[in-house]
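The values are calculated or read from the model by the stated rules, or taken from the named source; none is laboratory data. For clarity, every value in this text was computed on a predicted model and none was experimentally measured. Neighbour counts run over all protein chains shown; Cβ positions are idealised from the backbone, glycine included.
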Amino acid sequence: MTPPRRIRRILAAALALGAVGLTAPPATAPSFAADYVPISGAGSTWSQVAVDAWRADIRASGVVVNFAGTGSTDGRSQYIQGTVDFANTEIPFQDPPEPGQQAERPSRPYAYIPIVAGGTSFMYNLTVGGQRVRDLRLSAPTLAKIFTGQITRWNDPAIKADYGKALPDIPIIPVVRSDGAGASAQFSLYMINQTPSIYCPFIRDKLRLGGNACPSVSFYPAFGASKAQVGSNGVANYVSAPYGEGAIGYVEYAYAKRVDFPVASLLNKGGYYAQPTASNVAVALTRARVDPKTLVQDLRGVYNNPDKRAYPMSSYSYMVAPISTDAPFNAAKGRTLSTFVNYFLCAGQQKADILGYSPLPKNLVEAGFKQVRRIPGHVDPPSFSKCANPAFDILRNAPAPNPCDARGKVCTAGRTGGTGASGGAGAGGAGGGGQTVGAGAGGAAGGQAPASGTGGTTTAGGTAATGGGTGAGAAGVSGAPGAGGAAAAVDPLTGAPAAAGTALAAGAPATAVEVGGQRSGQTAVAAWVVALMLLLTALAPPFLYRRLRP
């Protein structure tokens, strides 16, 4: 064999070796199937924007949490029936029940775990002279009269007294929930406390109750020109639609924020009209009373908080978590569920503000960690010192209200900007429990909205409930779900991205990161092997040629 022929064979072998290194899968491909099993939940749409973002984050680490936003009442019902592993709700199990409903008595032991705080807001659709109204102000009596049919047109004197300016003589379309909703229950509790003379006769008449009965209701009754819609997304979609001119409906603030629609400022006991911002919600909740055993909230102090910054209709959502291995739950599912809870109580709270919520205060996070330890097969939560909770800073830095937001004054400049850090919204996601809430302009990287409110981070869209693709994370926001793409893998405890700027194809396995005390480095090793093979492929042929030439 002549040297040139030997050289050609050696070169061919080197190239073949490089090709094998480039195409063969790593021998130890990362797999989390043995560590985590999928879990499923149902319930609250009030907290779903946050829940969908969090489960997209943690899915990139191999933890699959399926969730269907079916309303708080249905979530509690499914927990009782044993068709889901966990449920989310804004109110506890109802026993005694509200009128017309059955008592809710689960046989499966459970614990309430706080999820996230936020404001039940009143999203509206009004234009004057071709410009969207963004500075509407309402008091509790005016709001109660709108949602009991006593005020039916936007030029009503009571609305003008709150707003300080005249509005068009057009019909009001109150939009309520058609399904059992924690938001309906929260709103009715607020009216019972603030405007019983308006709400109580209305609810007694609608439910045909005698005596002095005045219950809160998850199923809000239809009345007058009201429109009933399924889920928070249904309410938000109706109000924001072209045919929604004149509409007003109640949703968690996140739903209005992500489609850049205004919400009414509510009059607080300090005499100021406040927006449901993260800081105003945090201030209001300093007056919440929490049962130390169950963590159930008593919001009467919140409704009457005298702080000028407080948003009066603030509250938080719960997870109903199993604390036994009664079917369908088991210890393997407990590992998954506790990992998810540890994530959203810690790192997940860091994105509460940008999603339209307010982070849980320290006492509720620590109480939630105690509940986690009751879940069978749980992964221990981190110490609070290692959990960067932003609630304290948000509360400490809560800005003073604008003087023109005081009752009796008018902000003549108005508000024409966006609704905050999220600005516009991307097209909604799809699949199973995923919810689509409008579509809008996507936004600027890094989570900053320009003054006009047309930019901001893209956070709209649910994620695929059965584990298809998650939405595309907006630049600068780890794991924010959006339209058609990828979410960066994050450490479930610290919230740090596994690889900055890394995107994952929809439905593809994510970069491995630490979850529950384990870390997989196979992906990095495989990358180094491929790089080495490329180097050998490039350098070996000329080296061999010099050594073997005659």
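Scanning region 166-180 for residues that are touching a residue at least 60 places away in the same chain (Cβ under 8 Å) and buried (at least 16 other Cβ atoms within 10 Å of the Cβ) gives Ile172, Ile173, Pro174, Val175, Val176, Arg177, Asp179, Gly180.
For region 149-158, a residue qualifies if it is surrounded by fewer than 23 Cβ atoms within 10 Å (Cβ to Cβ) and either β-branched (Val, Ile, Thr) or not in a strand (DSSP E or B) (or both), and the qualifying residues are Gly149, Gln150, Ile151, Thr152, Asn155, Asp156, Pro157, Ala158.
Of the residues that sit in region 208-217 and are over 15 Å from Ser184 (Cα atoms) and in contact (Cβ under 8 Å) with a residue 24 or more places away in the chain, which one is surrounded by the most Cβ atoms within 10 Å (Cβ to Cβ)? Result: Leu209. Listed here are the strands (runs of 3 or more DSSP E) enclosed by region 37-146 that have at least 1 residues being under 24 Å from Ala284 (Cβ atoms): 39-43, 86-89, 110-124. Looking at Ser226, is it surrounded by fewer than 24 Cβ atoms within 10 Å (Cβ to Cβ), among the polar types (S, T, N, Q) and in the same structural domain as Arg407 (by TED's automatic domain parsing)? Criteria met by Ser226.
Residues in region 159-187 that are assigned to a helix (DSSP H, G or I) and among the β-branched types (Val, Ile, Thr): Ile159 only.
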